[in-house]
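The values are calculated or read from the model by the stated rules, or taken from the named source; none is laboratory data. Just so you know, these numbers come straight off a predicted model, no measurement behind them. Counting neighbours? That spans all protein chains shown, and the Cβs are built from the backbone with ideal geometry, glycine included. Please note that ligands, DNA and RNA were not included when accessible areas were found on the heavy atoms of the full protein model with its side chains. Shrake-Rupley method; radii C 1.70, N 1.55, O 1.52, S 1.80 Å.
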Amino acid sequence: SVRLDTQHVSCSWFCSSCSMEKLAIVLAIVLFASASASRLSTHSHCPLDEECCAGIEDHGELTFKCKPSCAKNLGWFGDFRDSHNMPPKHNVPLLGDAAVCCSGGDMSENAQCLEGLADTGLLPQMSAKWQWEAAAKALHTAGLSVLAAQVASSNIGHHLDPLLLPCIGLEGETSTVQMKTKQKPILELEVRSLCMPNYPLFQITGDMGDDWRTMELITGPVPAVPELLEDMHLLYQTVFDLIMVMNEQQHPDVVLVSADEEFEPPEAVVGADFQRAWSNLVPRLFAAFSEKGLRAHIRSSDVLENWIPSTTATGKHRSKSDFPVIMHGAEASRRQSSIGLQATFEVPLDFGRHWHALMRPLFIGTWHRDWTARLAGAIHIVANSIGEALASDQQPLRELMAGGASHSEGIMASILHFLAHFALEQAADDQLAAHHDDDHIDVAAMSCDVARKNDMILNPRFDLKGLLYELDIALASEQDTAEYDSSSDEEERLTNQAAWEPNFAGTKTAHRSMSRGAHKFAGLRTLLIKAFGSLSETSSKPAQLLRDLLSSRLTLPGASAEICVRQSGLTGCMHWVGVDQEPSSRMPTKHCGPDVASREPCYELNVERYLRRVLEAVRQTLELASDDRRRNYLHGCGHPISPTFRSHRGRKFARFEDRGTGRVATLLQPKVVKNRFEMPNEEDRSQWHQDEDLSSIGHFHPFELAAGTILRPTFSAYRVETD
């Protein structure tokens, strides 16, 4: 992470010939230079009569005097670094100064200079220029013109790597189509996902049910740019419409997977009718893909043609009793279908430091916007309150709560918000719980039924153990960086850091031996775990401080979302409790009381009861966080996705699942008209009339808006703005 603001990018602000466009070049170059640099600042000035980017060291302070153009001095950086025996941690501020120098000439000089900097190996060697152009367009459409300028100005030659962008995958469930299968998934395209090669580009599976399951179509993750999102929708549309047509034409069943009896045990083969129908569609589908979308990845329609039977979720082949796998469409095809779309997308690992400004909008779709906004705000309140209480218990932990630019501070902010999100969700009732009264809350149960996951809005697809492991890595790396000798290479450091990524399957990973300075992190980690325990002890002063902070902050008008205290079935709630006289739009109109029938949903204004449940859920969550043996209970819902945090060139991403009501899934939600898939389009603007940002823009393009919403936290992360 790199701290960049108007005070730190001083060269552009103090130089009279510099423009905002040139400032964008500075921001973009530093943005993509390194994802793991420690806290940095640049002290530069730009007198026009000095040598190009001459470095001057005065009392340990490194400054630069820059000419407007250094296109003819491309070798200055490496020479200067070597001559001053500078460790790698100085790379990013130096590169920022170099970019300032490059910003002064004409366009041809700028391009030459920037490409020369890329040749130093400090810029990512990127490969898909169009994807960054698309990213810039998406950010601009989303009203993020400054970030769009950064992305566009970083578009230098061919030095672009799309995997530095966050990735997104979609899944949609359709209950009107049933799959007869005991095992899932069912079929997948042979071509692989762009972001995760171990995943297919597209998959057909079954979800809810036993022998008969609802149909679910899943896309493999792709970089979050509009062209790819639109092409993935086109692929989804083609598969969906094909299945619906076959269901209508072939009563009662369509075979997806059959058995080849020549083998023992029988081998799974793709249903002949389904494969034949798909093959007829492939040429037209491939021709419809954008040159800047899937066509650039797939290259040939032949690659797209082959479906293969999936292995089961356990990695085994299908049993004899699971043949054939069929779709049931006799009655279902006569009913109007719908698609319950969900989106799994990535944000930077230090997402917590950008929660209020950047993560909060991701919660807010068109469904009960006031309730989802309150939930995101309450998470932020609980996270900040836990942080303050931790620092009061262990003063050295203030280093992790200072709101600075270091990677460890960012991950610590993510840990706090993860704990807060978990605790608030566990304060609600669960219909699977043995007891439903306020005194029997048990967050260790971690029941991930449908209502629980949906109420999270954004479901984290990771756990506390993984975040703590990444915190260890960041702290050790930051200490090691300070002791690297001048021969250390930045690329080697990033490679080593990526190699420390934990193995999700639980196999033991050998830890690298740490340098003398790195042992400091072990002390902070011990203090953090100890402080978690202290906050969970009701009689301790830090625990009392936390209770006071939460009691005063969560009870402010509109500060917290109501919680369900009597769940009904998997998706309903009969009794809500909150602190507001004017509850959110999600609440039933009736207030709980003797005149309300027991089977009618109602809302109860009860500050004491709300706080009792929330404070107990927070206390139990922190107790689990302090216990090495029980920390596994603190995780999001869903099966593990390996790796836990995708890593690319030193940059790591965390995954969240938009359960269908957040901003991304709502923007990308298709319509189904007469059992045919309709793409998101300009007409979807009407449902966003309450959103000031989206209702007022000139051009409503759902794919660009969704991409811009996902890109925003990532690009802002490398400017380091804290809430």
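Test PHE363 against the criterion of being on the phi < 0 side of the Ramachandran plot and at pLDDT 95 or above, and give yes or no. It is true that PHE363 is on the phi < 0 side of the Ramachandran plot and at pLDDT 95 or above.
Conditions (1) without any contact (Cβ under 8 Å) to a residue 12 or more places away in the chain; (2) over 18 Å from GLY172 (Cβ atoms), marked per residue:
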position: ARG213; (1), (2): no, no
position: GLN249; (1), (2): yes, yes
position: ASP253; (1), (2): no, yes
position: SER258; (1), (2): no, yes
position: GLU264; (1), (2): yes, yes
position: PRO283; (1), (2): no, yes
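Against the numbered list (1) within 30 Å of ASN247 (Cβ to Cβ); (2) touching a Cys at 6+ places or on another chain (Cβ under 9 Å); (3) at pLDDT below 95, CYS637 comes up short only at (1).
Restricting attention to segment 625-666, the residues that are more than 16 Å from the chain's Cα centre (by Cα) and aliphatic (A, V, I, L, M) total 2.
Summed over segment 354-381, residues that are in contact with a Ser or Thr (Cβ under 9 Å, 6 or more places away or on another chain), more than 29 Å from PRO670 (Cα to Cα) and open to solvent by less than 10 Å² (accessible area, probe 1.4 Å) total 2. Just one of the numbered conditions (1) assigned to a helix (DSSP H, G or I); (2) at pLDDT 85 or above is not true of ALA498: (2).
A Cβ distance below 7 Å, combined with a sequence gap of six or more or placement on separate chains, defines the contacts here; from segment 379-399, residues that are in contact (Cβ under 8 Å) with a residue 60 or more places away in the chain reach residues that are open to solvent by less than 60 Å² (accessible area, probe 1.4 Å) and among the polar types (S, T, N, Q) in the pairs ASP393/SER534.
When the residues of segment 447-473 are filtered to those that are open to solvent by 20 Å² or more (accessible area, probe 1.4 Å) and part of a loop (DSSP other than H, G, I, E, B), the one that is farthest from GLN567 (Cα to Cα) is ARG461.
Those strands (runs of 3 or more DSSP E) of segment 648-701 in which 1 or more residues are in contact with a Leu (Cβ under 6 Å, 6 or more places away or on another chain) occupy 651-658. Checked against the criterion of being within 21 Å of the chain's Cα centre (by Cα) and of a type in the set (Gly, Ala, Ser), the candidates GLY410, GLY387, GLY404 yield just one match: GLY410. Output the residues belonging to segment 620-644 that are outside any loop (DSSP other than H, G, I, E, B) and open to solvent by 50 Å² or more (accessible area, probe 1.4 Å). If the condition is that a residue be outside any loop (DSSP other than H, G, I, E, B) and open to solvent by 50 Å² or more (accessible area, probe 1.4 Å), then GLU623, ASN632, TYR633, HIS635 are the ones that fit.
All conditions in (1) without any contact (Cβ under 8 Å) to a residue 60 or more places away in the chain; (2) open to solvent by 20 Å² or more (accessible area, probe 1.4 Å); (3) part of a loop (DSSP other than H, G, I, E, B) hold for ASP580, with the sole exception of (2). Among the candidates ALA597, ALA617, the residue that is open to solvent by less than 40 Å² (accessible area, probe 1.4 Å) and either out of contact with any Ser or Thr (no Cβ under 7 Å at 6 or more places or on another chain) or aromatic (Phe, Trp, Tyr) (or both) is uniquely ALA617. Can you pull out the residues in segment 264-284 that are outside any strand (DSSP E or B) and touching a Leu at 6+ places or on another chain (Cβ under 9 Å)? Residues satisfying the conditions are GLY271, PHE274, ALA277, TRP278, LEU281, VAL282. Taking the criterion of being among the acidic types (Asp, Glu) and touching a residue at least 40 places away in the same chain (Cβ under 8 Å), the residues of segment 181-211 that qualify are GLU188, GLU190.
THR238 meets the stated requirement of being modelled with pLDDT of 90 or more, among the hydroxyl-bearing types (Ser, Thr, Tyr) and either open to solvent by 10 Å² or more (accessible area, probe 1.4 Å) or not in a helix (DSSP H, G or I) (or both). Taken over segment 285-299, the criterion of being among the basic types (Lys, Arg) and part of a loop (DSSP other than H, G, I, E, B) is satisfied by LYS292, ARG299. For segment 588-602, the condition of being under 25 Å from ALA420 (Cβ atoms) and hydroxyl-bearing (Ser, Thr, Tyr) holds for none of the residues. From THR311, THR344, which residue is out of contact with any strand residue (DSSP E or B) (no Cβ under 7 Å at 6 or more places or on another chain) and either among the polar types (S, T, N, Q) or modelled with pLDDT of 80 or more (or both)? After applying the criteria, what remains is THR311. If you go through segment 440-459 and keep only what is polar (S, T, N, Q) and in contact with an Asp or Glu (Cβ under 7 Å, 6 or more places away or on another chain), you end up with SER447, ASN459. For ALA405, state whether it is surrounded by 19 or more Cβ atoms within 10 Å (Cβ to Cβ), touching a residue at least 60 places away in the same chain (Cβ under 8 Å) and either assigned to a loop (DSSP other than H, G, I, E, B) or of a type in the set (Asp, Glu) (or both). Spelling it out, ALA405 is indeed surrounded by 19 or more Cβ atoms within 10 Å (Cβ to Cβ), touching a residue at least 60 places away in the same chain (Cβ under 8 Å) and either assigned to a loop (DSSP other than H, G, I, E, B) or of a type in the set (Asp, Glu) (or both). Are any residues in segment 160-200 of a type in the set (A, V, I, L, M, F, W, C) and either assigned to a strand (DSSP E or B) or open to solvent by 10 Å² or more (accessible area, probe 1.4 Å) (or both), and if so, which ones? Those that are of a type in the set (A, V, I, L, M, F, W, C) and either assigned to a strand (DSSP E or B) or open to solvent by 10 Å² or more (accessible area, probe 1.4 Å) (or both): LEU163, CYS167, ILE168, LEU170, VAL177, MET179, LEU187, LEU189, VAL191, LEU194, CYS195, MET196.
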